[in-house]
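In what follows, a structure is listed as C-alpha cells, so that the remarks can point back to it.
The values are calculated or read from the model by the stated rules, or taken from the named source; none is laboratory data. Values in this document were obtained by computation on a predicted structure and should not be read as measured data. Because the Cβ atoms are built from the backbone with ideal geometry, glycine has one as well, and the counts that use them run over all protein chains shown.
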Amino acid sequence: MSVPARRKSSSKTKKGRSHQALKKVNLSKCPKCGKAVEPHKACAFCGAYKGKETIKVKSKKQKKK
Ligand SMILES: [Zn+2]
C-alpha cells in the first residue's frame, strides 16, 4: 500500500471534516396518534402504517413483566 507523500495541513483536515456533520432526521406526523415518526416506517408509538395497525407495540408496562 502506498503512503501519502505529504502531511495534510490542518486547514485541509478541517475542510474535509466540514462534510462529516450528521444530517437531521426528517420527521412526519403519524395520522393515527399525531406523534412525530420517521417516514416509510411503522409508527413506534401505535404501530400504524398508512392508517392501519401493522405491528403490535409493547408499552413500557408490558416490557417489565
Ligand atoms: Zn402513531
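For the reader, a short list of remarks on this structure follows.
- Number of residues in the range 37-53 that are within 21 Å of the chain's Cα centre (by Cα) and either part of a loop (DSSP other than H, G, I, E, B) or surrounded by fewer than 12 Cβ atoms within 10 Å (Cβ to Cβ) (or both): the value is 11.
- PRO31 being exposed (fewer than 10 other Cβ atoms within 10 Å of the Cβ), touching a strand residue (DSSP E or B) at 6+ places or on another chain (Cβ under 8 Å) and either modelled with pLDDT under 95 or not in a loop (DSSP other than H, G, I, E, B) (or both): no
- Restricting LYS24, LYS56 to residues that are at pLDDT 75 or above, over 14 Å from the mean Cα position of the chain (by Cα), in a loop (DSSP other than H, G, I, E, B) and away from the ligand (no atom under 11 Å from the Cβ) narrows the list to LYS56.
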